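A.B. asks: Sending over a structure as C-alpha cells; questions will come in a sec.
The values are calculated or read from the model by the stated rules, or taken from the named source; none is laboratory data. This is a predicted model, so every value here is computed, not measured. Heads up, the Cβs are rebuilt from the backbone with ideal geometry, glycines too, and the neighbour counts pull from every protein chain shown. All accessible areas refer to the heavy atoms of the entire protein, side chains included, with ligands and DNA or RNA removed. Shrake-Rupley method; radii C 1.70, N 1.55, O 1.52, S 1.80 Å.
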Amino acid sequence: MADRVLGGRYQVLDKVGTGGMATVYRGLDQVLGRTVAIKTMLPQYATDPSFAARFKQEAQAAAALNSPYIVSVYDWGKDADTYYIAMEYLRGTDLKSGIRKHGALDCKKVAQIGSQIAQALSVAHNHDIIHRDIKPQNIMVQPDGNIKVMDFGIARAKNSHLTTDNSVLGTAHYVSPEQTQGKPLGPTTDLYSLGIVMYEAATGRVPFDGDNAVTVAMKQVTEQPVPPSQINPSVDPQLEAIILKCMQKDPKDRFQTADELYHTLRDYLAGRMQAVNSATAMLPAAATTPLAARGGSSTQSMPRMQATGRMRPRSATEQAAQEEEERQKKRRRNRALAAIGAIASIALVVFFVMSLLGSGSKAYSVPNLLGLTQDEAEAMLKADGHGFSVGTVSNQYSPTVEEGKIIEQTPGVGRTATEGSKIDIVVSKGEEPAASVTVPDLTNCTPSEAQDLLNKYGLKGQAGDSVYNADVEVGHVAEQEPAAGTSAKAGDTITYHLSQGAEQVSVPNVVGDSQSDATSTLKGEGFNVSVTQSSSSSVEKDCVISTNPSAGTSANKGSTVTITVSTGPASVSVPNVVGHDESSAEAALKNAGFAVSVTTEASGSVAKGKVISQSATSATAGSTITIVVSSGPATNNSPSGNENNSSGGTNPGGNGGGTTPGN
C-alpha cells in the first residue's frame, strides 16, 4: 500500500495503525500539499456491496460534521477494490494511553474533556448521527490539551453492516445497557458511554470489569457503579453527580441531550454549583452490589436526595410512585437478564466446542508488556510459564513512547487468554518525522499573505529584521530563509524580512579629486558613476569640477552619481591681425587677453612694418601669440644683408644722413 496514490490525489506514506474495521495510514494530499490520515477498509468489508453503500452514506454524513472537537473528514472514494476516507491528521495521544500513563486526572480536566466531547456529540446528534462507540481510545488529546473525537459514522456503518437490529456490541466496557440488549438507540446511549469515559478519567479505572466481554456487558445491565469518590476521594460531589447521572441504567434518567450535559459541565467549571445541583437533583442513591442480588428487597425504595445533597422524607404518593418505578425496572431487568442469558449460553457453547476440539487449555491473565522492548517482552512471556508468545508485531509512530518500546498489546493488560496464546504487539517508531515540503516564494507578499501561504504548506512564519531593498515595496517581503524552492519539514519556521525601501546614503565630496580617485570613492559608498567633461580655467585637467547630486545630499544606495571632469581652460578665438601695423596688431591681441611676441622677417610682398602672419587663430585665454612683422624687401648693400638697422645708421665719424666716399 505504501507509495500508492489513491484517487489520483492521496499518496500513502506509512501505516499508523490497524483496527477491527480498517487500516490507517499517514498520507500526503498532493493537491494541497498537506499531511492527511487515510483510512482504508479491510478487504472483507470493502467487497460487500451493502457495506460499501452504508460506508459511503456514513462517510458523507461524517464529512458534514463541523466542530473543533471532531476530526475533520476531507474526502472519501474508491480506488480499484479499496474504499478510503481522507481525514485530518492528528498529532497527540489517545485519552486511554494518557490515563494509563498518568492515572486519574484532575476534576477540572475531566470536566473540560467531557465538555468538549459533549459539544462534539451535540453537533453529531443534530445531524441524526449516533456515535455508538464513545471510548477513550476514540478521543485524541492534542498537544494543546484540546480533544478530537474520532470515528464518527464508522461505528454506525460497521453496525449497520453486521446487523439490522442494532444488537452488535461496541467495546463492552463502554456500551450502554440498551446497546447490550439490542434495543433501539438514541442520543442518550452516547451520553452513557461518555459518563463511563469521565468515570475512568476521574478514577483511573473503568466502572465494570470482568474476564470476558459477556461478563462486562452483564454488569452494564445489572450492577450500579461504585461512586467515583470511593475510588478517588478527590472527586468533587458535583462532578460525581454529573457522571452518575450520565450512567443511569434507564435512558430517561440521564441527561436527555448532549447540549444539556455540556451546559451542566460548563456550570461546574464556572463554579455555579447550585446550577449543577439542580441539574443532577433527585438521583437515586448508587448501589454498589448487583441489582439481581438484592432479590425481593430490590423493590424497597431508597430515600431521595434534595438539590442540596441532604436526605429528605418522601410522601405516600412519592412512595407509591417509587414502588411502581421499581416494578417497571424489575420487569426491564428480567428481560435484560434473559437476553444476557442467551449471550452467555452462546459463550458456553463456544467454550464447550473449544474443549471438544481438544485444547483443554487453562486461561491465564495476560502480563503487562507495555514499555518493554520486543526482546524483553519475549523473555517475560517465556519466563511466565503459561506458554504465551509474541504474535503479530506492527509498528507505529508515538509522540510519547521512545522508539523500540511496546505501546499496545492485544489481548490487553489483565485480560485472560488460554495457555499458549499469542500476544500481538505494537512497537513505537518514535516521534513521527515531519513531512517534507517545498518552501514557497514569499517575495513581495505582505506579512498576512506570507503567513497564509506558509499555513497552506504546513509551515510557520516569523518576521526577522527589516532590510533595504529598492526593488520591493516598503512593508513587503524582500528576503527569506530558507530560500524559496528549498526543502523543509512540516512545522518548520520560515524567517522573512520586510523591505524598508532603498537605503539612503550621503554623497561624498570628491570635487578636485582625480577622475579615478573620485570614481573609486563613490563606488565604495555603493553608488554607480557616470562621467561628463567640461573645460575649466580654475580646475586642473582630469580633476572633478562638480557632482550631481551634489556633495552632502542623500541619495538611494545603488543610484547613479554624475561627475563633471575638467578638460582644462577653454580655447578662445584669436583676433586676425595679419596685414595690420605692428602697433595696432599688438594692441588688438592684448585687448583680447593674449600676450604678444614679435619677430621680423624680410618680405617683398608685405610692406615694412606690417604683420605677415600670426601663430594661432584660437588659443586659451592669456596664452602668447607670436606675430611676424615685415622688415621690407631684402637688400645686399650691407655686409650682413640685414636691413634691420637701415634707418638711423651712420658711418664712423660721419653725421647723420652722410654718404659713403666716392659719391
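A.B. asks: If I stretch the segment between Asn455 and Thr47 completely, what's the gain in nm (0.36 nm per residue apart, minus their alpha carbon distance), one decimal?
C.D. replies: So the chain would gain 143.0 nm between Asn455 and Thr47.
A.B. asks: Let's test the formula: R0 of 35 Å, r as the Cβ-Cβ distance of Asp517 and Val467. What FRET efficiency results, to the nearest 0.05?
C.D. replies: Computed FRET efficiency for Asp517 and Val467 comes out at 0.65.
A.B. asks: With a 1.4 Å probe and every protein chain left in place, work out the accessible area per residue of region 566-634 in Å², rounded to a whole number.
C.D. replies: Accessible surface, normalised per residue, equals 50 Å².
A.B. asks: Then there is this: Pop out the Kirkwood hydrodynamic radius of region 367-437 from its pairwise C-alpha distances, inverse of mean 1/r, in Å to one decimal.
C.D. replies: 12.6
A.B. asks: Compute the length gained on full extension between Asp3 and Gln256: take 0.36 nm times their separation in residues and subtract their Cα-Cα distance, giving the result in nm to one decimal.
C.D. replies: 86.4 nm
A.B. asks: Give the peptides 82-95, 527-540 in descending order of average Cβ contacts within 10 Å, highest first.
C.D. replies: 82-95, 527-540
A.B. asks: In whole angstrom, note down how far apart the Cα centers of region 459-509 and region 400-454 are.
C.D. replies: 34
A.B. asks: Under the classification rounded if a/c is under 1.5, otherwise prolate if a/b is larger than b/c and oblate if not, where does region 394-514 fall, given a ≥ b ≥ c as square roots of the Cα gyration tensor eigenvalues?
C.D. replies: Because a/c hits 1.5 or more and a/b exceeds b/c, region 394-514 counts as prolate.
A.B. asks: Can you pick out the pairs among Lys15/Lys96; Lys39/Lys252; Lys56/Lys135; Lys15/Lys56; Lys135/Lys183 whose Cα atoms lie more than 26 Å from each other?
C.D. replies: Too far apart for the 26 Å limit: Lys39/Lys252.
A.B. asks: Continuing with the same structure: Would you work out the charge dipole size for region 1-105 about its Cα centre, treating the Cβ of every Lys and Arg as +1 and the Cβ of every Asp and Glu as -1, and quote it to the nearest 20 debye?
C.D. replies: 320
A.B. asks: Here's a follow-up. Tell me whether region 27-82 comes out rounded, prolate or oblate; compute the Cα gyration tensor, take square roots of the eigenvalues as a ≥ b ≥ c, and use a/c under 1.5 as the rounded threshold.
C.D. replies: Taking the square roots of the gyration eigenvalues as a ≥ b ≥ c, region 27-82 is oblate.
A.B. asks: How many angstrom lie between the Cα centre of region 523-552 and the Cα centre of region 82-156?
C.D. replies: The two parts, judged by their Cα centres, are 77 Å apart.
A.B. asks: Report, to the nearest whole %, how much of the accessible area of region 1-147 belongs to carbon and sulfur atoms, 1.4 Å probe, protein only.
C.D. replies: 47
A.B. asks: How much net charge surrounds Gly391 when only the other residues with a Cβ under 12 Å from the Cβ of Gly391 are counted, with Lys and Arg +1 and Asp and Glu -1?
C.D. replies: -1
A.B. asks: Give me the one-decimal nm value for the distance between modelled label points at Thr373 and Asp79, 7 Å along each residue's Cα-to-Cβ direction.
C.D. replies: Rounded to a tenth, the inter-label distance reads 3.6 nm.
A.B. asks: List residues of region 30-44, by number, whose backbone nitrogen lies under 20 Å from a label position 7 Å along Cα→C-beta of Lys56.
C.D. replies: 39-44
A.B. asks: Give me the dipole magnitude in Debye, nearest 20, for region 422-548 about the Cα centre, with unit charges on the beta carbon: positive for Lys and Arg, negative for Asp and Glu.
C.D. replies: Magnitude of the dipole: close to 380 debye.
A.B. asks: How many Å³ per residue does the convex hull of the Cα positions in region 33-132 occupy?
C.D. replies: Roughly 137 Å³ of hull volume per residue.
A.B. asks: Please give the Cα centre distance for region 1-73 versus region 201-242, rounded to the nearest Å.
C.D. replies: 34
A.B. asks: Same structure, new question: Using a Förster distance of 45 angstrom, determine the FRET efficiency expected from the C-beta separation of Lys101 and Ala484, and round it to 0.05.
C.D. replies: Here the calculated transfer efficiency is 0.60.
A.B. asks: How big is D, in µm² s⁻¹, for region 513-588 by Stokes-Einstein at 4 °C and 1.567 mPa s if Rh is the Kirkwood radius over C-alpha pairs?
C.D. replies: 87
A.B. asks: Please work out how much length the chain gains when fully extended from Gln274 to Ser436, using 0.36 nm per residue of separation minus the C-alpha to C-alpha distance, in nm with one decimal.
C.D. replies: The span from Gln274 to Ser436 would gain 53.0 nm if fully extended.
A.B. asks: Tally Lys/Arg at +1 and Asp/Glu at -1 over every other residue whose Cβ is under 13 Å from the Cβ of Gly524; what's the total?
C.D. replies: -1
A.B. asks: Taking 51 Å as R0, compute the FRET efficiency from the Cβ-Cβ separation of Thr553 and Ile231 and round it to 0.05.
C.D. replies: E(calc), rounded to 0.05, equals 0.05.
A.B. asks: So, one more: Cross-link candidates for Lys382: which lysines have Cα within less than 27 Å, leaving aside residues fewer than 8 places away along the same chain?
C.D. replies: Those lysines meeting the cut-off are Lys101, Lys362, Lys405, Lys422, Lys429.
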